[in-house]
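Reviewing the structure listed below.
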Amino acid sequence: MFDKVDPKLSKVIQDKVSAPVVNIGEAVGKLDDKMAQKLGLSKDTMVSPFIIDAHASLLGIGSEKDKEMTMVMGTSTCHLMLNEKQHQVPGISGSVKGAIIPELFAYEAGQSAVGDLFEYVAKQAPKSYVDEAANRNMTVFELMNEKIKHQMPGESGLIALDWHNGNRSVLSDSNLTGCIFGLTLQTKHEDIYRAYLEATAFGTKMIMQQYQDWHMEVEKVFACGGIPKKNAVMMDIYANVLNKKLIVMDSEYATSNRSSNIRCSQWWRT
């Protein structure tokens, strides 16, 4: 096929991607002398194969079986699952065997704006909110969470779509845009913030439902990353919307911790 594109590409696969496949948790080799000296490490330091940052989180939090969905929440959110079988789930980013655990298929879907969306709202906060937060030695997020924590669902009458950076799953259209309905002269800034919290929660529910509609049951949901531990109000909204057992991880660093553990595991195997 490639030689039809250009004769020079006739052996591109053999030349570029013919190296042996090494599973996560196995050793690629050791640092060479030059890199060991540059990094200040022993030349006996074992090197593990790369793993996608979000994927490492599943290993870090112990979500290593089916019927568990992991939300890795930061500027965006990745929704990850594992399964012994490969199901054709429309609208997700894809599935790859062995990407996280050998012999299991790793599935990924996502929302392209979550933390970025909340940051966008915080930056639009009125000066009075910024001043109040500063005077009370708290962040604008903490102030808005305080203002909305006793609101009932839908109390403000606002409905929002969180497509400010397109829709990754399940519509897979980066050209879509976000919107908010129900604004009145009485709408407060924290009402808009809560509407976006609810929007991302329902966006996650759509993704979860897509998994379930294609034979991947979800019984338990894990939340990790930089946001969940810091925002109890948000996690309460998510738990109510998803109607699943939601486990918020205590550590913000599941990804980096597990990546280090994978590397360390190679040391003890030598």
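Things to note:
- Fully extended contour minus Cα-Cα distance, from residue 27 to residue 240, at 0.36 nm per residue: 72.4 nm
- MRE, 222 nm, helices only [DSSP H, n ≥ 4, -39500 (n - 2.57), over the chain, to nearest 500]: -11500 deg cm²/dmol
- Theoretical FRET efficiency, 1/(1+(r/R0)^6), r = Cβ-Cβ of residue 50 and residue 93, R0 22 Å, to 0.05: 0.80
- For the chain, the antiparallel share of DSSP beta bridges with both residues in that region comes to about 65%.
- Comparing 222, 50, 181 in a Gaussian network model of the chain, where Cα atoms under 10 Å apart are tied by springs, the biggest mean-square fluctuation is seen for 181.
- Cα long-axis angle, helix 189-213 against the chain (0 to 90 degrees, to the nearest 10): 40
- Long-range tail of P(r) for the stretch 75-190 (Cα pairs > 24 Å, %): 46
- Low-density loop positions, trypsin sites (Lys or Arg not before Pro), the stretch 143-201 - DSSP coil, at most 15 other Cβ in 10 Å: 149, 188
- For the stretch 159-186 versus the stretch 103-140, the spacing of their alpha-carbon centroids is 16 Å.
- Among the listed pairs 123/188; 65/244; 127/229; 149/230, those with a Cα-Cα distance over 19 Å are 127/229.
- Contour minus Cα-Cα distance for residue 12 and residue 137 (0.36 nm per residue): 39.1 nm
- Applying both filters, DSSP loop and at most 12 other Cβ atoms within 10 Å, to the GluC sites (Glu not before Pro) of the stretch 139-210 gives 155.
- Taking packing as the residue-averaged number of other Cβ atoms within 10 angstrom, the listed peptides 110-120, 236-246 run from highest to lowest as 110-120, 236-246.
- Maximal additional length on extending the residue 229-residue 85 stretch stands at 48.6 nm, based on 0.36 nm per residue less the C-alpha distance.
- Where labels lie 7 Å past Cα in the beta-carbon direction, separation of residue 149 and residue 1 in nm: 5.5
- Note on residue 171 and residue 130: their simple-model spin labels are 3.2 nm apart, each label 7 Å out from Cα toward Cβ.
- For the listed peptides 132-140, 5-13, a ranking on the average number of other beta carbons within 10 Å per residue, highest first, reads 132-140, 5-13.
- Rounded tilt (10° steps) of 232-242 against the dominant C-alpha axis of the chain: 80
- Distance between modelled label sites at residue 187 and residue 215, nm, 7 Å Cα→Cβ extension: 4.4
Each value in this text was obtained by applying a stated rule to the coordinates, not by laboratory testing. Small disclaimer: the values here were computed from a predicted structure and weren't measured. FYI the Cβ positions are ideal-geometry reconstructions off the backbone, even for glycines, and counts take in every protein chain you see.
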